[in-house]
Amino acid sequence: MDNNIILKTKGIAKEFSGVRVLNNINIEIKSGEIFGIIGENGAGKSTFVKILTGIYTPTEGRIYFNGKEIQLETPLDARKAGIIMIPQEFNLINDLNVYENIFLGNEKKRRVFLNRNEMIRRTEELLAGLKVNIPATARIDKLSVAQKQMVEIAKALAFDSKLLILDEPTTVLTRREIDILFGIMRQLKSRGVTMIYISHKLSEVKEICDRVMVLRDGEMITIEDTDNIDEKEMARSMIGRELSQIFPEKVVPKENTVLQVENLSSVDGFIKDVSFDLKEGEILGFAGLVGAGRTELAETLIGIRKKKHGKIIIKGKEYNIKNPADALKRGIAYLSEDRQGIGILTNFDIPSNITLPSLKHYLRGILINKRKEHEKTAQYIKRFDIKAASLKSKLEYLSGGNQQKVSLAKSLDTGPEIFIIDEPTRGIDVNAKREIYFFINELVQTGISCIVISSEMEEIIGLCNRVVVMREGKITGILEGEHINEEEIMFHATGLKGVA
Amino acid sequence: MPSKSLIKKIDFEKYGSLIAFVVIFIISSFASPYFLQLQNILNILRQVSYTGIIALGMTFVIIGGGIDLSVGSMTALVGGISILSLNSAMNFFGYGYWNEIMAIIVAVIVSIALGAAAGALNGVAITKGRIAPFIVTLGTMAIYRSLALYIGKAGVFRSNSYMYPELGMGYFLGVPIPVWVFFGMAVLFHIILNWTRYGRYICAIGSNQKVARYSAIKVNFVRFISYVMVGVTVGVSAVFLTSRLNSISSTNGGSGYELDAIAAVIIGGTPMTGGSGTIFGTVIGAIILGMINNMLNMLGVSPYLQGTVKGIVIIGAVLIQRKRSQ
Ligand SMILES: Nc1ncnc2c1ncn2[C@@H]1O[C@H](COP(=O)(O)OP(=O)(O)OP(=O)(O)O)[C@@H](O)[C@H]1O
Ligand SMILES: [Mg+2]
């Protein structure tokens, strides 16, 4: 065998209770290469890398690492071999702090005692390398989703890995963090570390990967040099046909204001004096860097965070919204970016997740009308093309992107008038993204008004009527028309323009 | 290997407790010829109904991610006061058949209402006071017991009624009344858990409180209600316990009930971490405990060792649970 090949798989296949989700995967990855994997939601990407890290055992096939066949029975086996993964869903313990998580199962010791100072020092070093400003002793549940992602990356970097697997690490990161991550990946590469990179952001795949494998329905479609394939072609081989225009025509919103926010500040100080308005049928984008306070603003609007002062006026009437139930009563629905932490219940099936906030519409007397629940769910499954073994599948068995679609259906089912969507296409494949954009467009045409918080520049530019840019809890600019472009948004987001 | 794949196909999560039930049932019927006699089986069911009823309420509390350690002491306190109220109601209404029935109704109402109130106290301290359920109910476990001792002067509360025992001792269609009530309430609680909003909400809260809160569920209220529910079941159970003996001891009335109720829930497959569970499992869990006790009695095993067996069964049940979740 070629000495240069670090990882080789032969005929890898995986079945879950008889259903084949991965079939005959044969790859050879060269040492020091960055190997991309793309494919639609549920194509089997995560399943494949979970096999490489000993989380799942393959139904068929062999794995060769450094020229020798290896058996990966548990994640520990993989770790010992030097295969480390940044998982798609966070694997952090909320009650512990940052450094404890980073060194979990890998604790630094001095004789029998934990060497706390050493672990803190190492953590600070890792975080500084990632240029993130998180204290090593901060508790995980106090962190934002992007910060958690950075901790997850730092945790993987704490190991000396030979093969580093990154499963959609950038879904919640903005360009700045992505550049930092790519910088680190290039450094690792120059040190000879091999990487597998999974993403739905095809431009990133082209930018950072040497080769890319396309999966469709568990089958390996092709492996190409990224120099020889452009994003369009990637998308085409992913979905098996031509991808049409991604963004729908923008619709001009109505004149009347549905939501007016005046001088809103939160008690915890994350939101300072925020004022903006939302027109009926408008798609209002919120841009900014990680930590700009966009999610915190949404949480203040729905009463999760306490408001210090300021007014929230809905259709001309001021309301005091104290909790999500109040918000729902006023027609405000919020789809969180933190899918597993806030959005879905992994041990509930699809219908019970979707109807959780809207259950009162599914009652017959005091009993739940499960037939109605199932019928409605079947509609959503069709509408969003949710891939699941059955209606009664628990969410933990759905792929990340399909979980996202269930979250979307869940918020929609409350029949909102004002729909706040935080990272609407987090972890969603290009084709489904397009469907969601068209769907949001349909929504606003029926008179629903949307606030879209997104770290994806194209999404903000391609979808929104106006764009609010935030920085450090304040609004630095509201852009309209031709001012909605990458440059202007970055200027405002970084504080080069606008009042900071 | 057809047999191995068959074992794999059996859904342990759903049927684990049922399988254990069948196995123990078969062993018991071989171990003793008396086991299968109708009278013995009815006895087992009657014995398990007291803690079984409480276990029904406990199922909701545990599904919601909580625990209630105070139910045993609560049984003594609630039972004691309901006997006192029975005696004074009899004085108030005077003698006579209907008068005594009236007095008994008063006692039953007092018992259930008091149980609900004691449960509500736990619930308020846990949700409003934001104290861990384990701590709160450990505290009230001591408080309720000490109040029972104080009010009963560390002795026995005795009822003056001749009719009251009919309730706990009586039969309806050949089956003891407490057993009817146990099964009736099981059906009711099953419906609440699986077919009402409340049931869905308590599972959601136990599964992930944050998700529940963002889904516009009034988390504190739903959790509070689960403690009231277990209080109500304590009230019902106290009625049957006191009426069976026509008295209740303030020192050891209801003692160890928390263990049996929690054990029934756990053996029935509800995870201690909450988020899911079944009433059916809890009923089976309660009966399994009863059968084990019965078998040990019939085999002449020292009553002091019965706790050991019970403990092993509980730990075994949790072990199996962990296996299946992997
Ligand atoms: N533990 C499991 N049990 C049953 N089915 C599973 C399990 N894990 C994954 N699946 C199924 O396997 C298929 C592939 O899932 P996988 O998570 O690998 O997709 P993916 O390519 O990573 O998708 P995404 O882009 O949405 O993350 C999906 O149809 C999913 O429902
Ligand atoms: Mg995935």
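Structural remarks
- Taken over the stretch A:1-43, residues that are over 23 Å from A:Asn66 (Cβ atoms), among the aliphatic types (A, V, I, L, M) and open to solvent by 20 Å² or more (accessible area, probe 1.4 Å) amount to 2.
- Across the stretch B:161-193, the number of residues qualifying as among the small types (Gly, Ala, Ser) and either within 11 Å of chain A (Cβ to nearest Cβ) or surrounded by fewer than 16 Cβ atoms within 10 Å (Cβ to Cβ) (or both) comes to 3.
- Test: residue in the stretch A:418-436 that is over 23 Å from the mean Cα position of the chain (by Cα), farther than 17 Å from A:Ser244 by Cβ and surrounded by 19 or more Cβ atoms within 10 Å (Cβ to Cβ): no
- Residues of the stretch B:194-229 that turn out to be assigned to a helix (DSSP H, G or I) and within 11 Å of chain A (Cβ to nearest Cβ), as a count: 21
- Residues being open to solvent by 70 Å² or more (accessible area, probe 1.4 Å) and touching a Lys or Arg at 6+ places or on another chain (Cβ under 6 Å) - total across the stretch A:455-477: 1
- Selection count where residues are in contact (Cβ under 8 Å) with a residue 24 or more places away in the chain and in a helix (DSSP H, G or I), scope the stretch A:440-457: 6
- Here A:Lys68 passes the criteria (1) touching a residue at least 12 places away in the same chain (Cβ under 8 Å); (2) away from ligand 1 (no atom under 15 Å from the Cβ) except the one numbered (1).
- When A:Val49, A:Val21 are checked against the criterion of being among the β-branched types (Val, Ile, Thr), under 26 Å from the mean Cα position of the chain (by Cα), assigned by TED's automatic domain parsing to the domain that holds A:Thr170 and more than 24 Å from A:Ile184 (Cβ to Cβ), A:Val21 stands alone in meeting it.
- Residues within the stretch B:240-252 that are open to solvent by 10 Å² or more (accessible area, probe 1.4 Å) and either of a type outside the set (D, E, K, R) or free of Cβ contacts under 8 Å to residues at least 24 places away in the same chain (or both), tallied: 8
- Top-ranked residue of the stretch A:397-410 - restricted to ones that are within 12 Å of ligand 2 (Cβ to nearest atom) and open to solvent by less than 20 Å² (accessible area, probe 1.4 Å), ranked as nearest to the other protein chains (Cβ to nearest Cβ): A:Gln403
- Hey, A:Thr9 among the hydroxyl-bearing types (Ser, Thr, Tyr), more than 22 Å from A:Lys155 (Cβ to Cβ), more than 14 Å from chain B (Cβ to nearest Cβ) and within 16 Å of ligand 1 (Cβ to nearest atom) or not: yes
- Condition met for B:Val234 (more than 14 Å from chain A (Cβ to nearest Cβ) and open to solvent by less than 40 Å² (accessible area, probe 1.4 Å)): yes
- Subset tally (residues that are without any contact (Cβ under 8 Å) to a residue 60 or more places away in the chain and either open to solvent by 50 Å² or more (accessible area, probe 1.4 Å) or on the phi > 0 side of the Ramachandran plot (or both)) for the stretch B:267-300: 2
- Residue match in the stretch A:411-419 (condition: closer than 17 Å to A:Ile386 by Cβ and either outside the structural domain of A:Ile271 (by TED's automatic domain parsing) or part of a helix (DSSP H, G or I) (or both)): yes
- Being closer than 29 Å to A:His483 by Cβ and part of a strand (DSSP E or B) is true of A:Gly285.
- Residue within the stretch A:222-239 that is open to solvent by 60 Å² or more (accessible area, probe 1.4 Å), farther than 27 Å from A:Phe159 by Cβ, of a type in the set (D, E, K, R) and within 16 Å of ligand 2 (Cβ to nearest atom) present: no
- Residues satisfying the stated conditions in the stretch A:160-178, i.e. at pLDDT below 90 and over 12 Å from the mean Cα position of the chain (by Cα): A:Asp160, A:Arg175, A:Arg176, A:Glu177
- Any hit, the stretch A:135-152, residues being within 16 Å of ligand 1 (Cβ to nearest atom), open to solvent by 20 Å² or more (accessible area, probe 1.4 Å) and either more than 14 Å from chain B (Cβ to nearest Cβ) or in contact with a Ser or Thr (Cβ under 9 Å, 6 or more places away or on another chain) (or both): no
- Single condition A:Gln340 does not satisfy, out of (1) away from ligand 2 (no atom under 16 Å from the Cβ); (2) within 18 Å of B:Arg213 (Cβ to Cβ); (3) open to solvent by 10 Å² or more (accessible area, probe 1.4 Å): (1)
- Pairs, first more than 10 Å from chain B (Cβ to nearest Cβ) in the stretch A:315-335, second assigned to a loop (DSSP other than H, G, I, E, B) and charged (D, E, K, R), C-beta under 7 Å, six or more apart: A:Tyr319/A:Arg330; A:Ile321/A:Arg330; A:Gly331/A:Glu417
- Failed item in (1) surrounded by fewer than 20 Cβ atoms within 10 Å (Cβ to Cβ); (2) without any contact (Cβ under 8 Å) to a residue 12 or more places away in the chain; (3) at the interface with chain B (Cβ under 8 Å from one of its Cβ atoms), with A:Lys372 passing the rest: (3)
- Qualifying residue in the stretch A:61-74 (condition: more than 16 Å from ligand 2 (Cβ to nearest atom), open to solvent by 40 Å² or more (accessible area, probe 1.4 Å), within 14 Å of chain B (Cβ to nearest Cβ) and acidic (Asp, Glu)): yes
- Residue within the stretch A:385-396 that is in a strand (DSSP E or B) and either open to solvent by less than 20 Å² (accessible area, probe 1.4 Å) or over 15 Å from A:Gly427 (Cβ atoms) (or both) present: yes
- Counting the residues of the stretch A:102-121 that are loosely packed, with under 10 Cβ neighbours inside 10 Å and of a type outside the set (A, V, I, L, M, F, W, C) gives 2.
- Residue in the stretch A:341-360 that is more than 9 Å from chain B (Cβ to nearest Cβ), of a type in the set (Lys, Arg) and either closer than 25 Å to A:Gly293 by Cβ or touching a helix residue (DSSP H, G or I) at 6+ places or on another chain (Cβ under 8 Å) (or both) present: no
For (1) in a helix (DSSP H, G or I); (2) within 26 Å of A:Glu255 (Cβ to Cβ), each residue gets a yes or a no:
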residue	(1), (2)
A:Ile460	yes, yes
A:Val467	no, yes
A:Ile478	no, yes
A:Ile489	yes, yes
A:Leu496	no, no
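The values are calculated or read from the model by the stated rules, or taken from the named source; none is laboratory data. Every value quoted in this text rests on a predicted model; they were computed, and no experiment measured them. Neighbour counts run over all protein chains shown; Cβ positions are idealised from the backbone, glycine included. Quick note on the areas: whole protein, heavy atoms, side chains included, nothing else; ligands and nucleic acids left out. Shrake-Rupley method; radii C 1.70, N 1.55, O 1.52, S 1.80 Å.
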